[in-house]
Structure formats: structure tokens, C-alpha cells
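Peer 1: Handing you a structure now.
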Ligand SMILES: *Cc1c(COP(=O)(O)O)cnc(C)c1O
């Protein structure tokens, strides 16, 4: 038997209040207002019932990092009558593009031309409006270039403009901004680099205003450096069980 739904909902409500307080405090410290920040609840490994609780508590932006899990959960949540927007935040293989394009509203993790192409082709087929995407930026010093077929987890800052140009040409995609995961040791410096990349991108693509940065452990630093979207999992839902 699962946990008592009322107990679970009040647990999530308390976590949500604490996260909203952290966001408010970080905004106050940065001279920003909380309405500039979109909270994306990352629900990976947690059941659809938690997404329904979050929606009832007013959280409508939900993130997942694996298509196999997300596709089923999106269907379950829809069947439960909850209306949420799905954010895809994980590494994505081209053969999942069609599935992701069918339920996701924003893909945060576009990191190579081939993936952009696959998403565009899929979006043109399965959607009646363009798919919003972010370019994932690798903030590690020495991040590999776009041409490196083995790179994982984002393009180097130097490669963002080329990938943006490619995405910008495709009518099935809408380039909305950048996303990054900071290295654990120096999130502040990494988010400062991301802010520069984001500003450079906006110079060429004025609608690319989203900066998706910050997770449970570093959302304050992200907000200090201009994040518009924070992706929060454990602080809302608890520690994930190790899989496998
Ligand atoms: C899991 C995940 C998050 C949330 O991380 P927490 O530390 O649980 O808040 C954010 N972004 C991505 C890309 C993730 O995979």
C-alpha cells in the first residue's frame, strides 16, 4: 500500500512552502521578485500521484528526465484530470524525439544539431504548434566542442551561437533560452558564466529569455545570477531512492 494521500499531500505542501521561501529570500537578496522565477518540480522516480498533489497545490510546471518514465506519467496525470506543463530536462536520444515532442512543452536539454533536427521533424508531425527548446550549456571548463560526437550534457559556450542559428531556422522549434547543471564545487562561478552566455544569445535571439539553472542544492546562486527557471526535485519530494 502506498502512503496515505492526505499525509503525502501535506508533506509536499510543507516542502513547497519552504522552497517558495527560499526563492523569495534569494530574490530579495538579488533585488528581484519571485514572479520572475518559474518553479519546475522535477518528479523523476516519483509517482503520478505526486504530480497530482503538486498540481492541486498550484505547481503546474513539472520536469522529467527519462522519456520512458515521463510518457506514462504524463498519460496518468492527464487521466487523473490534472493539467500540467511537462518539461523534459534529461539527455535525450533521437529515437525518443517523437514521443517527447508529443507531451513536452519545453525541452531543456538540446545539446547537438542531430537532436535539434530530430525534434524539429517530430514536432512538425505530432504537434499543432512549435516546440519550445533550450540549449543545454556545459559549464565545465574545457567543455567539448559541438563537433565532438562523444560529448554529453551540453555544448560548450563557444558552440551555443552555431546551434542557436540552426534551431532558429526551423519553424517547428522555438528557441527560448539556455539551461545548465552547475558543477557541485563552484555553482556561483558556473552560473555567472551561464549569465554571460545567455546575454550573448539574447543579442541575436531576443525571444530566448529563459535561463534554466539551479536545483535543490544551488537555487540561491542561480537566482543571484539571473535564473528564470529553477528545477527542484528532492527539496519538494524528498530524497530519491537509488535505482537498480
Ligand atoms: C534531477 C534533476 C534536477 C533536480 O535535482 P534536485 O537536486 O533533486 O533538485 C534538476 N535538473 C536536472 C537536469 C535533473 O536531472
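The values are calculated or read from the model by the stated rules, or taken from the named source; none is laboratory data. From a predicted model like this one, the values you see are computed outputs, not experimental measurements. Ideal geometry is used to build each Cβ from the backbone, glycine not excepted, and the neighbour counts take in all protein chains shown.
Peer 1: Which residues, counting only those in segment 53-64, are under 15 Å from residue 11 (Cβ atoms) and surrounded by fewer than 19 Cβ atoms within 10 Å (Cβ to Cβ)? Reasoning before the result, please.
Peer 2: Here is the first cut: in segment 53-64, the ones under 15 Å from residue 11 (Cβ atoms) are 53-54, 56-57, 59.
The answer is 56, 57.
Peer 1: Could you check segment 1-10 and list, in sequence order, the residues that are out of contact with any helix residue (DSSP H, G or I) (no Cβ under 6 Å at 6 or more places or on another chain) and touching a residue at least 40 places away in the same chain (Cβ under 8 Å)? Before the answer, list the steps.
Peer 2: Let us first name the residues in segment 1-10 that are out of contact with any helix residue (DSSP H, G or I) (no Cβ under 6 Å at 6 or more places or on another chain), namely 1-8, 10.
Residues satisfying the conditions are 2, 5, 8.
Peer 1: Do we find that residue 18 is assigned to a helix (DSSP H, G or I) and in contact with a strand residue (DSSP E or B) (Cβ under 7 Å, 6 or more places away or on another chain) in this structure?
Peer 2: Values: assigned to a helix (DSSP H, G or I): yes; in contact with a strand residue (DSSP E or B) (Cβ under 7 Å, 6 or more places away or on another chain): no.
Criteria not met by residue 18.
Peer 1: So which helices (runs of 4 or more DSSP H) are wholly in segment 156-244 and hold at least 1 residues that are more than 10 Å from the ligand (Cβ to nearest atom), in contact with a strand residue (DSSP E or B) (Cβ under 9 Å, 6 or more places away or on another chain) and more than 19 Å from residue 110 (Cβ to Cβ)?
Peer 2: 187-204, 219-224
Peer 1: Going residue by residue through segment 28-40, is there one that turns out to be under 27 Å from residue 95 (Cβ atoms) and modelled with pLDDT of 95 or more? Can you show your working first?
Peer 2: Going through segment 28-40, the residues under 27 Å from residue 95 (Cβ atoms) turn out to be 40.
Of the ones still in play, those that are also modelled with pLDDT of 95 or more are 40.
Within segment 28-40, one or more residues are under 27 Å from residue 95 (Cβ atoms) and modelled with pLDDT of 95 or more.
Peer 1: If a residue has to be within 14 Å of residue 230 (Cβ to Cβ) and more than 19 Å from the chain's Cα centre (by Cα) to count, how many in segment 23-35 make the cut? Break it down stepwise before answering.
Peer 2: Filtering segment 23-35 for residues within 14 Å of residue 230 (Cβ to Cβ) gives 23-27, 30, 32, 34-35.
Next, from what is left, pick out any that are more than 19 Å from the chain's Cα centre (by Cα): 24-27, 30, 32.
Total satisfying the criteria: 6.
Peer 1: Now for a different question. List the number of the failed condition for residue 47; all other conditions in (1) in contact with a strand residue (DSSP E or B) (Cβ under 9 Å, 6 or more places away or on another chain); (2) within 30 Å of residue 119 (Cβ to Cβ) hold.
Peer 2: Tallying (1) in contact with a strand residue (DSSP E or B) (Cβ under 9 Å, 6 or more places away or on another chain); (2) within 30 Å of residue 119 (Cβ to Cβ), residue 47 fails exactly one: (1).
Peer 1: Quick one: in segment 217-232, of everything that is touching a residue at least 60 places away in the same chain (Cβ under 8 Å) and surrounded by fewer than 22 Cβ atoms within 10 Å (Cβ to Cβ), which residue is farthest from residue 63 (Cα to Cα)?
Peer 2: The qualifying residue farthest from residue 63 (Cα to Cα) is 224.
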